[in-house]
Amino acid sequence: MNPFFFIQLADPQFGMFARWGGVSDEVIEAQLSRGFKIRKAPSITGFEDETRLFTEAISEANRLKPAFVVVCGDMVNNPVSEDERAEVLRVARKLHPNIPIHWVPGNHDAATDFVNATPESLRIYRQAFGPDYFAFQHGGASFLVLDSITIENPTPVPGEWEAQLAFVETELAAARFRGGPVIAFSHHPAFLKTPDEPNDYWNWPLERREPLLRMLRDANASAVFSGHWHRNNYSSYGEMQVVASGPVGYPLGDDPSGYRIVKVHADRVEHDYYAFGDGPAKVEL
Ligand SMILES: [Fe+2]
């Protein structure tokens, strides 16, 4: 196969700058004690920062011409805000028509309470962004988009987890049959430090993490790319890279807003994270 590259984005999260603008020092301190850096900033409304940053991401894609762009969830901060959704989709339409864009559902897109999907929240998501889990292929490689919201908690959406698991099984078998690299995307990272770490807000619950990781490993998946953590994180499961990328939008750690370039070769997957304004002149494969 001929090597190619794509751009991975995460968490443009329209509305998050306004969410954290104008909060008190106590709130900032409390978040810091949990490991999240909220920047002291005046109270604002709207999403001017998010528009600027996501426009920058789309401009970089138009300049570098990746095979495709994938947005690993949290397109918006408030899943019931039609304004936020309309704005992210308006900016996305500035992407060159030859470059496909693939949406991955985030907890802020597909769960009204930011954790639990409902049949109605999934319906709204699908109507705006398309299927919440799906597969596609490019240049001899197979890609799998997961819905980690129903992986987090399948109970309120009966049948969704079972259907997704069956789909993943079928698609991974097909990918193995075709040969070539296999790469997955999910909003929540599978885990941050170790594959057996306890469940928390940031990872896949063990009960579903274990079977999914096993299936990905058995299919020789090279990597699973995520967001959600609003900063970079690099881990691995056997040979499989488990990567969380910094945000297009509001950072919660030291990594700046930016994007990841992923190069896909027959025998390896290489990637780097770039702050906006610091991208390469061109991508060498
Ligand atoms: Fe997020």
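The values are calculated or read from the model by the stated rules, or taken from the named source; none is laboratory data. This is a predicted model, so every value here is computed, not measured. Backbone-built Cβ (ideal geometry, glycine too); neighbour counts: all protein chains shown. These accessible areas exclude ligands, DNA and RNA; they are computed on the full protein's heavy atoms, side chains included. Shrake-Rupley method; radii C 1.70, N 1.55, O 1.52, S 1.80 Å.
Report yes if residue 67 is open to solvent by 10 Å² or more (accessible area, probe 1.4 Å), outside any strand (DSSP E or B), touching a His at 6+ places or on another chain (Cβ under 9 Å) and touching a residue at least 12 places away in the same chain (Cβ under 8 Å), otherwise no. Yes; evaluated as a whole, the condition is true for this residue.
A residue that is open to solvent by less than 10 Å² (accessible area, probe 1.4 Å) and among the β-branched types (Val, Ile, Thr) occurs nowhere in segment 185-205. If the condition is being within 17 Å of the chain's Cα centre (by Cα) and of a type outside the set (A, V, I, L, M, F, W, C), then segment 110-131 contributes 125, 126, 130, 131.
Scanning segment 88-98 for residues that are within 20 Å of residue 185 (Cα to Cα) and either under 15 Å from the mean Cα position of the chain (by Cα) or charged (D, E, K, R) (or both) gives a single hit, 88.
Any residue at all in segment 134-141 that's touching a Ser or Thr at 6+ places or on another chain (Cβ under 6 Å) and either among the β-branched types (Val, Ile, Thr) or crowded, with 21+ Cβ neighbours inside 10 Å (or both)? Within segment 134-141 (the criterion being touching a Ser or Thr at 6+ places or on another chain (Cβ under 6 Å) and either among the β-branched types (Val, Ile, Thr) or crowded, with 21+ Cβ neighbours inside 10 Å (or both)), the answer is no, since none of the residues qualifies. For segment 1-23, the candidate set comprises residues that are assigned to a loop (DSSP other than H, G, I, E, B), aliphatic (A, V, I, L, M) and more than 16 Å from the ligand (Cβ to nearest atom); within that set, the residue that is nearest to residue 260 (Cα to Cα) is 1. Exactly one residue among 26, 56 is charged (D, E, K, R), farther than 27 Å from residue 139 by Cα, open to solvent by 30 Å² or more (accessible area, probe 1.4 Å) and more than 16 Å from the ligand (Cβ to nearest atom), and that residue is 26. Would you be able to say whether some residue in segment 99-109 is over 28 Å from residue 150 (Cα atoms), open to solvent by 10 Å² or more (accessible area, probe 1.4 Å) and either modelled with pLDDT of 95 or more or under 16 Å from the mean Cα position of the chain (by Cα) (or both)? The answer is yes, given that some residue of segment 99-109 is over 28 Å from residue 150 (Cα atoms), open to solvent by 10 Å² or more (accessible area, probe 1.4 Å) and either modelled with pLDDT of 95 or more or under 16 Å from the mean Cα position of the chain (by Cα) (or both). Checking 130, 227 one by one, the residue that is touching a Cys at 6+ places or on another chain (Cβ under 8 Å), open to solvent by less than 40 Å² (accessible area, probe 1.4 Å) and of a type in the set (Gly, Ala, Ser) is 227 and no other. For residue 152, the criteria (1) in contact (Cβ under 8 Å) with a residue 40 or more places away in the chain; (2) surrounded by fewer than 20 Cβ atoms within 10 Å (Cβ to Cβ); (3) charged (D, E, K, R); (4) within 16 Å of the ligand (Cβ to nearest atom) hold in every case but one, which is (2). Answer yes or no as to whether residue 250 is crowded, with 18+ Cβ neighbours inside 10 Å, of a type in the set (Phe, Trp, Tyr) and modelled with pLDDT of 95 or more. Yes. Of the residues screened, residue 250 is not one that is under 15 Å from the mean Cα position of the chain (by Cα) and part of a strand (DSSP E or B).
Annotation note: of 217, 208, the sole residue that is touching a helix residue (DSSP H, G or I) at 6+ places or on another chain (Cβ under 6 Å) and either closer than 25 Å to residue 154 by Cβ or part of a helix (DSSP H, G or I) (or both) is 208. Within segment 233-259, the residues that satisfy the criterion of being away from the ligand (no atom under 14 Å from the Cβ) and more than 24 Å from residue 48 (Cβ to Cβ) are 234, 235, 236, 237, 238, 239, 240, 241, 242, 243. Within segment 88-115, the set of residues being within 16 Å of the ligand (Cβ to nearest atom) and not small (Gly, Ala, Ser) comprises 88, 103, 104, 105, 107, 108, 109, 112, 113, 114, 115.
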